[in-house]
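Since every read-out is calculated from the coordinates, none of them should be taken as a lab result. Model, not experiment: these values are computed from the prediction. Note that each Cβ is placed from the backbone with ideal geometry, even for glycine, and that neighbours are counted across all protein chains shown.
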Amino acid sequence: MPNIDGAVVAEKDADERGGRTARILAIANQKGGVGKTTTAINLGTALAAAGKQVLIIDLDPQGNASTGLGIPRANRGKGSYQLIHGEATVQDVTLPSTVPGLWLTPSAVDLSGAEVELVTAPRREYYLRSAIRKAPPDVDYVLIDCPPALGLLTLNALVAADAVLVPLQCEFYALEGLSHLMRTIDRVKKAYNPSLEMQGMVLTMFDRRNNLSDLVAQDVREHFGARVFTTVIPRNVRVSEAPSHGKPVLLYDVNCAGSKAYIHLAGELLKRDSRVPA
Ligand code: ADP
Ligand code: MG
């Protein structure tokens, strides 16, 4: 995404900006450690490898997506906090990653304050949506990496998004809390964003040596049917090692099972996405 002045971008129509209208996906689940950030980074990388322009917005104050993409804290002066507050456009707070076609709006420390500050703000659910609409990023996909809570940051992501992608860890408690998430999504649809779609659920950290993984996967498929992606992300040590090298697993070890699964997931998403011919 060229770093054009936001105001100029806002005035141009989609055709002039290369004809791209970004599809915005919120990667959400209020549970921590289910694979949201890993999916944002690696699905983003796989989509970029498939020739798409992709922007990841790190909306988690912990900044794991920023760290996992090797963006040093010193370079995160401005980020999603300034974006939400309307102090900067997406273009102002977007950095290139080491992956061609993959861009990042980092999360800076300030973001932890945003949740509290938004509480008393008028139309507090719409801040991210307004910021993105004011100067839309010239990309094919925006992936919003949500924090592990159903607070105002996640609500802002759901209101800004076209669809929600829910990673589910293949463990005993996978379905616990899911009804709360589904109710929240319904509430957002009714009150703020009627066109919000369910992009689907992705089973993560599947361990084929563990019968429980299989049972959980079956259970989730029984409950949610076609909404569950066919691709299952295996538990793979290379996936968990990659962030400490500041790299997506696709750059760290393209041949490992985790990389292959994320490439497969990107293919499935592109096929499912009706707006992108397979
Ligand atoms: P969340 O963003 O939902 O909190 P993360 O993506 O940070 O979850 O994942 C939690 C932890 O599990 C991280 O340490 C990550 O490296 C690890 N992890 C995620 N997916 C896999 C996987 N497929 N195989 C092995 N480890 C994984
Ligand atoms: Mg995370």
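Being touching a residue at least 12 places away in the same chain (Cβ under 8 Å), in a helix (DSSP H, G or I) and either within 16 Å of ligand 2 (Cβ to nearest atom) or over 20 Å from the mean Cα position of the chain (by Cα) (or both) narrows it down to one residue among Leu181, Leu168; which is it?
Details: Leu168 fails: in a helix (DSSP H, G or I).
None of the others qualify; the one that does is Leu181.
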Would you mind stating whether Leu95 is out of contact with any Asp or Glu (no Cβ under 7 Å at 6 or more places or on another chain), within 16 Å of ligand 1 (Cβ to nearest atom) and either under 26 Å from Leu270 (Cα atoms) or basic (Lys, Arg) (or both)? no
Among (1) over 20 Å from Val54 (Cα atoms); (2) of a type in the set (Val, Ile, Thr); (3) part of a helix (DSSP H, G or I), which single condition is Ile263 missing? (1)
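Can you say whether Ser259 is within 16 Å of ligand 2 (Cβ to nearest atom), under 27 Å from Thr67 (Cα atoms) and either surrounded by fewer than 20 Cβ atoms within 10 Å (Cβ to Cβ) or touching a residue at least 24 places away in the same chain (Cβ under 8 Å) (or both), as far as the supplied structure shows? Even if it seems obvious, please write down each step before you answer.
Details: within 16 Å of ligand 2 (Cβ to nearest atom): no; under 27 Å from Thr67 (Cα atoms): yes; either surrounded by fewer than 20 Cβ atoms within 10 Å (Cβ to Cβ) or touching a residue at least 24 places away in the same chain (Cβ under 8 Å) (or both): yes.
Answer is no for this residue.
Based on what the data block shows, is Leu118 surrounded by fewer than 23 Cβ atoms within 10 Å (Cβ to Cβ) and of a type in the set (A, V, I, L, M, F, W, C)? Even if it seems obvious, please write down each step before you answer.
Working: surrounded by fewer than 23 Cβ atoms within 10 Å (Cβ to Cβ): yes; of a type in the set (A, V, I, L, M, F, W, C): yes.
So Leu118 passes the test.
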Among the residues of the range 61-85, how many are in a loop (DSSP other than H, G, I, E, B) and either within 18 Å of Ala242 (Cα to Cα) or touching a Lys or Arg at 6+ places or on another chain (Cβ under 8 Å) (or both)? 6
Looking only at the range 213-243, count every residue that is exposed (fewer than 13 other Cβ atoms within 10 Å of the Cβ) and within 16 Å of ligand 1 (Cβ to nearest atom) and tell me the total. 1
